[in-house]
Each structure stands twice: as structure tokens, then as C-alpha cells.
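Asks: The structure that follows is given in the form of C-alpha cells.
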Amino acid sequence: PWSEDDCTKFITDWYKLYPEVRDYQLEQAAQARRHGYVRDMFGRIRYIPEVSCTINRIQEEGLRKAANFPVTSSAQGIIKRAMGDLWSGLPKTEWAEDVEWNMQIHDSLVVGITDDGGIVKPHFRWMEKVMTGVVKLLVPVTVDFKVGKKWGEMEKLSLKED
């Protein structure tokens, strides 16, 4: 079991390894204190009234929200844009009749393909192209695919040419 000291050391060491994360958190905290809100990459706003609270625990909760919101909201915006582009583009593909959109779970899309017939890899290559082209970031957006008949039995699929 981890002690509180072990956890503190782990966090301290992690921030030494990734100091830019602390810089980012401080930048978001300053933004929240200055304006009372933070923005994601698409301009969506989350108000953070907790940063004005005199109760330290509540203020710290607000600072965590200020750092977390731009990341999670931007990721959500990227997947939603990708879903929109995929949805509007699918009818124009040769796979429109063979693919069933099932659900989204966080940053994953679950699709069913009724009959492989060699369409899995070409379809997923198309999806990858659409999804990685939704936004241009300093760090490229990547996509991976897993296939299987049951959720717990899915295996990663390589899209390299056979």
C-alpha cells in the first residue's frame, strides 16, 4: 500500500518530469482568477466561481476544474466534430449499407460492420483519415482501432497494407 508520503513523492517526481504541466495549470488558474472562467480550444467557456471562495478546499476544487476543463472539453469537441464529419461522409462511401453506428463512449466510437467482405480495413482507413483531419494540433491526433465480436475480446487492428 502507498503511504501519503509515497504519493506526495510520486506527484512531486511526476511534475519534475513534466514541468510544462504545472506551467499550464498555473496559467489556467491565473485565467480563472482574472476572468472567473476558462475556455477550451473551441471557445467554449466554463465559469469557475470557486476560485473566489475563501474556503481553501473549494478554491482548490475550482483550480482543478480550471485546469481540467480546457483539456476534456477540447477532446469532446474534437470527437464531436469527427463524428459529424464521419456521419455526413458515410453516405458518400461504398460502405454506407454495411456500417452501423452504435455509440460513443468518451473518446471511442463503436461501430458494427454487418459483413466484413474485406471492408473493415478500408473503412477504418477512411475513418482514420477523417478523424485525424478534424483539427490540426502541435501534437498530431492519432486513432487506433480494435475489432472483435465481444467488448472484452477486442484486439488492436493494424491498418497497414497487407
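Asks: Where does each of 47-58, 95-106 land if you order them by average Cβ count within 10 Å, highest first?
Replies: Packing order, densest peptide first, comes out as 47-58, 95-106.
Asks: Find which of Gly77, Ala96, His123 sits farthest along the positive direction of the dipole of the chain, computed with +1 on the beta-carbon of Lys and Arg, -1 on that of Asp and Glu, about the Cα centre.
Replies: Gly77
Asks: Let me ask something additional. Let me have the 222 nm mean residue ellipticity of the chain computed from DSSP H runs of 4+ only, each contributing -39500 (n - 2.57), with the sum over all residues rounded to the nearest 500.
Replies: -16500 deg cm²/dmol
Asks: Same structure, new question: Considering the options Ile48, Leu138, Ile105, tell which one lies farthest towards the positive end of the dipole of the chain, charges being +1 on Lys and Arg and -1 on Asp and Glu at the Cβ, about the Cα centre.
Replies: Of the options given, the answer is Ile48.
Asks: About the Cα centre of segment 1-43, what is the dipole size in debye to 20, counting +1 per Lys and Arg Cβ and -1 per Asp and Glu Cβ, all else neutral?
Replies: Approximately 300 debye in magnitude.
Asks: Using per-residue counts of other Cβ atoms within 10 Å, averaged over each peptide, order 71-82, 132-143 from highest down.
Replies: Sorting 71-82, 132-143 by mean packing, highest first, produces 71-82, 132-143.
Asks: Determine the sum of side-chain charges near Leu157: Lys and Arg each +1, Asp and Glu each -1, restricted to other residues whose C-beta is under 9 angstrom from that of Leu157.
Replies: +1
Asks: Tell me, what HN-Hα J-couplings in whole Hz come from the Karplus equation 6.51 cos²θ - 1.76 cosθ + 1.60 at θ = phi - 60° for each residue of segment 17-33, using x for Gly and Pro?
Replies: 6, 10, x, 5, 5, 4, 4, 4, 4, 5, 5, 5, 4, 4, 4, 5, 5
Asks: Pairs Lys80/Lys146; Lys16/Lys136; Lys136/Lys160; Lys80/Lys129: which are spaced more than 25 Å apart, C-alpha to C-alpha?
Replies: In this structure, Lys16/Lys136 lie more than 25 Å apart at Cα.
Asks: For the chain, what does the equivalent ellipsoid look like in terms of its semi-axes, each the square root of 5 times an eigenvalue of the Cα gyration tensor, given largest first in whole Å?
Replies: Semi-axes, largest first: 39, 20, 14 Å.
Asks: Here's another thing I want to ask about it. Please list the non-local residues whose amide H lies under 5 Å from the amide H of Leu159, H modeled 1.01 Å from N, same-chain partners needing a gap of 5 or more.
Replies: none
Asks: Mind checking the dipole of segment 40-162: about its Cα centre, +1 per Lys or Arg Cβ, -1 per Asp or Glu Cβ, Debye to the nearest 20?
Replies: For segment 40-162, the charge dipole is close to 540 debye.
Values quoted throughout were computed directly from the atomic coordinates according to the rules given, and no laboratory measurement underlies them. These numbers come from a predicted model, not from an experiment. So basically every Cβ, Gly included, is an ideal-geometry build from the backbone, and we count neighbours across all protein chains shown.
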